[in-house]
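No lab work stands behind these numbers, since they all come straight from the coordinates. Given the structure is predicted, the values throughout are model-derived calculations rather than measurements. Virtual Cβ from ideal backbone geometry, glycine too; neighbours counted across all protein chains shown.
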Amino acid sequence: MTHVIYNTATTLSGYIADADNSLDWLFVVDQPEDNSFGEFLEGIGALVMGATTYEWVYAHEGLGEHPEKWHASYADRPTFVFTTRDLPVPDGLNITLVRGPVDDHFGDVAAAAGTGSVWVVGGGDLAGQFYDAGRLNEIRLSIAPVTLESGAPVLPRRIEADALHLTSAHAEGQFVEAHYEVRYPRL
Ligand SMILES: NC(=O)c1ccc[n+]([C@@H]2O[C@H](COP(=O)([O-])OP(=O)(O)OC[C@H]3O[C@@H](n4cnc5c(N)ncnc54)[C@H](OP(=O)(O)O)[C@@H]3O)[C@@H](O)[C@H]2O)c1
């Protein structure tokens, strides 16, 4: 069965971006050289993300002029962008635009991932849609020593302790890496 992981950086106050969809607060936190992200990415077969996240990457990396920058971050892993719009996709990138319920696309996502896991990059509501569909298996948070008063929520669902089981927690530089297994007690 395909393993689906929502892996994101978040503030202490539970936001993955500020109210202007900026990550400036994140990039000023010292990133340790020996972090676990490379190992995480090795196990990923396919990515999914929402439109706002994709548009952020597109603008931040200047993908219109430099599509090769996508490969530097994600290699050629198949990526599914959930959107109701006809967003630009540079030639040569393995990106598919999809819309509608998670279950309408999960078969394609799982097939694209092969033996690897699926990385739900964000945002929080898309991760929530995977949870609602019973498809979210794990949440990995890199908790930054930052608070914000508002922004994009890390996971705007009510999920209580019977459904989330802490499997590991450790420090990586200034970040706390917290991993949770998602259980579905009501399914
Ligand atoms: N801290 C981190 O590590 C991290 C990680 C990921 C993202 N981020 C940031 O966090 C913010 C996330 O933004 P966000 O919460 O607004 O979420 P998002 O998931 O990136 O984008 C939400 C949008 O995706 C589209 N969408 C979502 N589900 C859909 C569905 N089932 N079918 C069709 N379209 C669907 C809709 O846009 P349309 O209808 O307009 O297409 C929706 O408004 C961004 O600024 C991103 O850069 C931070």
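For this structure, a couple of remarks:
- When you filter the GluC sites (Glu not before Pro) in the stretch 121-187 for DSSP loop state and at most 12 other Cβ atoms inside 10 Å of their Cβ, you are left with Glu149, Glu160.
- Most simply put, the chain has about 40% antiparallel DSSP beta bridges, counting only bridges with both residues inside it.
- Prolate/oblate/rounded call for the stretch 19-76, Cα gyration tensor, a/c under 1.5 rounded: oblate
- Treating r as the C-beta distance of Ser150 and Glu172 and R0 as 35 Å, the FRET efficiency rounds to 0.85.
- Rounded if a/c under 1.5, otherwise prolate or oblate - the stretch 1-112, Cα gyration tensor axes: rounded
- Label-point separation in nm, Asp24 to Asp91, each point 7 Å along Cα→Cβ: 3.7
- Modelled this way, with points 7 Å down the Cα-to-C-beta line, the labels at Asn35 and Asp103 are 3.6 nm from one another.
- Placing +1 on the Cβ of every Lys and Arg and -1 on the Cβ of every Asp and Glu, with nothing else charged, gives the chain a dipole about its Cα centre of roughly 640 debye.
- The sum of -39500 (n - 2.57) across all DSSP H runs of n ≥ 4, divided by the residue count of the chain, sets its helix-only mean residue ellipticity at 222 nm to -7000 deg cm²/dmol.
- Tensor-based shape of the chain (alpha-carbon gyration tensor, a/c under 1.5 rounded, otherwise prolate or oblate): rounded
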